[in-house]
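Below: one structure, written as structure tokens.
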Amino acid sequence: MEFKHTTVLLKQAVDALNVKPNGLYIDCTAGGGGHSIEIAKKGGRLICFDVDITAVESCEDRLKRLVGADYRMINANFADMTNYINDGANGILMDLGVSSPQLDIIERGFTYHGDAPLDMRMSATSGTYSAYDVVNTYSEEELTKILYEYGEEKYAKGIVRGILAARQAAPIKTTGQLAEIIKRNVPLSVRNAKNPCKKTFQAIRIEVNDELGSLSRGLDAAFELLLPKGRLVVITFHSLEDRLVKKRFAELTAGCDCPPRLPCVCDKVPRATHITRKPIVPDENELQINRRARSAKMRVIEKS
């Protein structure tokens with residue numbers, strides 16, 4: 001399968017990295033290689049991560065065609081980058097979320113626009129459990145919690161009751177079956193206004209891939225590897241990711257936290273500075289070309 005993906009905020013992200021020839025740059029989510037190619041063109045040395053072997057192969061195939069590209073491909077979760085890298089990095093990029101091929105290939109089990117085995121593993125084949133395991137083995141309390149927290153789904157209780165009733169009769173095996181259960185257990189007005197499956201599918205996908213846990217660990221690992229004046233660029237696609245990144249960046253850029261109007265006794269200094277005070281978002285031209293870019297937000301800090 002060819003890994004075709006329209007890279008979001010391509011120029012803005014690569015410009016924000018401030019690529020220096022022979023500097024070391026880490027692309028945490030190589031995907032189709034869009035960002036990696038542009039970094040390599042500017043003379044940066046690359047280390048690329050992706051848990052999806054199809055993405056790794058596609059990115060490597062594109063980089064091979066680029067004369068002089070200096071790169072290393074790693075089929076692993078970027079949260080574990082310090083296990084593979086000892087050298088300090090001049091810049092690190094995280095382009096989060098699900099890529100177009102993962103959504104568009106129905107057999108991957110990410111989308112509710114079709115009927116396929118419940119999977120949702122970004123690694124395609126590896127991982128301790130899949131969406132099938134979450135839907136069919138999690139308790140009522142566990143399912144309700146992830147739908148509320150990861151999907152921000154206000155009809156979580158009704159949807160979970162529907163899942164529990166259905167799986168008592170037989171295991172829920174496909175995305176189509178799950179989508180129908182969701183639709184039957186939300187108000188008719190919600191069903192008629194829009195597809196009500198998005199939040200539940202997002203919540204289960206985040207749980208299966210430990211996306212927020214990986215992001216938190218990855219942010220720590222990335223900052224550890226950054227050299228002074230190195231930049232960390234993160235593109236998020238939903239509010240849970242963005243809130244986590246915003247909070248972590250605020251902590252890294254904070255100075256004295258003593259009470260106002262009292263002498264400083266903490267001697268705390270910022271470990272980083274904001275390059276973007278407000279998130280960068282796609283412009284109208286990009287949104288016309290790529291509708292999936294509409295929720296993207298990019299934040300950038302520079303290590304002190």
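Pull out the extension gain between LEU287 and LYS246, defined as 0.36 nm times the separation in residues minus the alpha carbon to alpha carbon distance; nm, one decimal.
Extra length from LEU287 to LYS246 when fully extended: 12.4 nm.
For the stretch 169-204, trypsin sites (Lys or Arg not before Pro) are listed when DSSP marks them as loop and at most 12 other Cβ atoms sit within 10 Å of their Cβ; the list is LYS194. When only alpha carbons of the stretch 1-86 are considered, Rg and Dmax amount to 11.9, 34 Å. In loop segments of the stretch 1-100 as defined by DSSP, the trypsin sites (Lys or Arg not before Pro) with at most 11 further C-beta atoms inside 10 Å of their C-beta are LYS4, ARG65.
Temperature 10 °C, viscosity 1.306 mPa s: under these conditions the Stokes-Einstein estimate for the chain, based on its Kirkwood radius over C-alpha pairs, is 77 µm² per second. Binning the alpha carbon pair distances of the stretch 143-273 at 5 angstrom intervals from zero yields the distribution 2, 9, 15, 15, 12, 10, 9, 8, 7, 6, 4, 2, 0, 0, expressed in whole percent.
Would you please classify the overall shape of the stretch 255-304 from the alpha carbon gyration tensor, given that a ≥ b ≥ c denote the square roots of the eigenvalues, rounded means a/c under 1.5, and beyond that prolate means a/b larger than b/c while oblate covers the rest? Prolate, since a/c reaches 1.5 and a/b exceeds b/c. Remark: for residue pairs LYS246/LYS278; LYS198/LYS278; LYS42/LYS64; LYS154/LYS246; LYS183/LYS297; LYS198/LYS247, the C-alpha separation exceeds 19 Å in LYS198/LYS278; LYS154/LYS246; LYS183/LYS297; LYS198/LYS247. Calculated FRET efficiency, GLU224 to LYS20, Cβ-Cβ distance, R0 = 22 Å: about 0.60 to the nearest 0.05. Note that the stretch 184-233 presents 45 Å² accessible area per residue, ligands and nucleic acids not counted, probe 1.4 Å. A simple charge model with +1 on the Cβ of Lys and Arg, -1 on the Cβ of Asp and Glu and nothing else charged puts the dipole of the chain at about 920 debye relative to its Cα centre. Here the alpha carbons of the stretch 137-210 define both size measures, Rg and Dmax, at 11.4, 32 Å.
When the helices in the chain are scored as -39500 (n - 2.57) per DSSP H run of 4 or longer and the sum is shared across all residues, what 222 nm value do you end up with, to the nearest 500 deg cm²/dmol?
Working: 13 runs with 130 residues, N = 304.
The per-residue figure over the chain is -12500 deg cm²/dmol.
Note on the chain: dipole from Cβ charges, positive end direction compared against ALA165, ASN192, TYR155; the farthest Cα belongs to ASN192. Projected onto their three principal axes, the Cα atoms of the stretch 218-304 cover extents of 53, 30, 20 Å, largest first.
For the stretch 237-281, which trypsin sites (Lys or Arg not before Pro) are both in a DSSP coil and crowded by at most 13 other Cβ atoms within 10 Å?
ARG261, LYS268, ARG277
Looking at the chain only, what percent of DSSP beta bridges run antiparallel? Nearest 5 please.
Values: 11 of 28 bridges.
The antiparallel proportion sits near 40 percent.
Set the Förster radius R0 to 35 Å, insert the Cβ-Cβ distance between ASP61 and THR137 as r into 1/(1 + (r/R0)^6), and round the FRET efficiency to 0.05. Please list the in-between numbers first.
Numbers: r = 38 Å, r/R0 = 1.08.
Here the calculated transfer efficiency is 0.40.
Determine the share of the chain's accessible area contributed by carbon and sulfur atoms, expressed in whole percent, with a 1.4 angstrom probe. All intermediate terms of the calculation are to be shown ahead of the outcome.
Numbers: 7490 of 15120 Å².
Ligands and nucleic acids excluded, carbon and sulfur reach 50 percent.
The values are calculated or read from the model by the stated rules, or taken from the named source; none is laboratory data. Remember, predicted model here, so these are calculated numbers, not experimental data. All Cβ positions, glycine included, derive from the backbone under ideal geometry; neighbour counts span all protein chains shown. Areas reflect the complete protein model, heavy atoms only, side chains present, ligands, DNA and RNA absent. Shrake-Rupley method; radii C 1.70, N 1.55, O 1.52, S 1.80 Å.
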